[in-house]
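Starting off with a structure, shown below.
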Amino acid sequence: MLRPFKKYIMEASLGDGDQIVYYGCPGTCTPFIELLAFAIRDLPVQQVYVPYFEESRAKPLALREGVGMQVTEGPVSLSPAVIVIMGGLSMPGVPVTAEMASETVAHYTARTVGICFMNMFQKTGWLDSLAFDLLIDATIDPVRIFSGQD
């Protein structure tokens, strides 16, 4: 997931200070957003996290030495060159819709990237409403749990 994302962003020829804005669910998407942001930490772009589609709650992502990329505090004006929509937003029970995602994307002239696991955008019908310039759909092998008694 990181290599194709980094390759796409590097090939996008973003300029100094261009913005990558990640939209995702608090808690569950945030670690993946921080991981994606870490993969491109050396690029001269501004990275921003937006919980759900609540742009008034946007927060910058910053590199913290010895920790990695972290959501931080501070005001952010949004002007994305790249919008990243996380698949967790499309999961049942999340208080957003595909239409909300489409409306948000329509406000900007930006490339749109979707990142999900296990065909989530397809399963929930979001691909009918959103056209992604890049869609990364990761597959997770079945989880195996080992205990000390195995």
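The values are calculated or read from the model by the stated rules, or taken from the named source; none is laboratory data. Just so we're clear, the structure is a prediction, and the values are computed from it rather than from any experiment. Here Cβ is always computed from backbone atoms with ideal geometry, including for glycine, and neighbour counts include all displayed protein chains.
Does any residue in region 1-30 that is charged (D, E, K, R) come within less than 6 Å, Cβ to Cβ, of a residue that is assigned to a strand (DSSP E or B) and surrounded by 13 or more Cβ atoms within 10 Å (Cβ to Cβ) six or more places away or on a different chain, and which pairs are these?
Filtered contacts from region 1-30: Asp18/Ala81.
What is the one condition in (1) touching a residue at least 12 places away in the same chain (Cβ under 8 Å); (2) within 12 Å of the chain's Cα centre (by Cα); (3) closer than 18 Å to Met1 by Cβ that Met69 does not satisfy?
(2)
Output the number of residues of region 47-72 satisfying the condition of being more than 18 Å from Ile115 (Cβ to Cβ), of a type outside the set (D, E, K, R) and touching an Asp or Glu at 6+ places or on another chain (Cβ under 7 Å).
Result for region 47-72: 1.
A further question on this structure: What pairs come out if I take residues in region 114-133 that are surrounded by 20 or more Cβ atoms within 10 Å (Cβ to Cβ) and pair them with residues that are among the charged types (D, E, K, R) whose C-beta lies under 7 Å away, six or more apart or interchain?
Cys116/Asp137
Any residue at all in region 81-93 that is buried (at least 19 other Cβ atoms within 10 Å of the Cβ), in contact with a Phe, Trp or Tyr (Cβ under 6 Å, 6 or more places away or on another chain), hydrophobic (A, V, I, L, M, F, W, C) and touching a residue at least 40 places away in the same chain (Cβ under 8 Å)?
yes
Spot the failing condition for Ile33; the list is (1) under 20 Å from Ile140 (Cα atoms); (2) surrounded by fewer than 17 Cβ atoms within 10 Å (Cβ to Cβ); (3) of a type in the set (Val, Ile, Thr), and only one is missed.
The one condition Ile33 does not meet is (2).
Next question. Looking only at region 4-22, decide whether some residue is in contact with a Lys or Arg (Cβ under 7 Å, 6 or more places away or on another chain), among the β-branched types (Val, Ile, Thr) and modelled with pLDDT of 95 or more.
no
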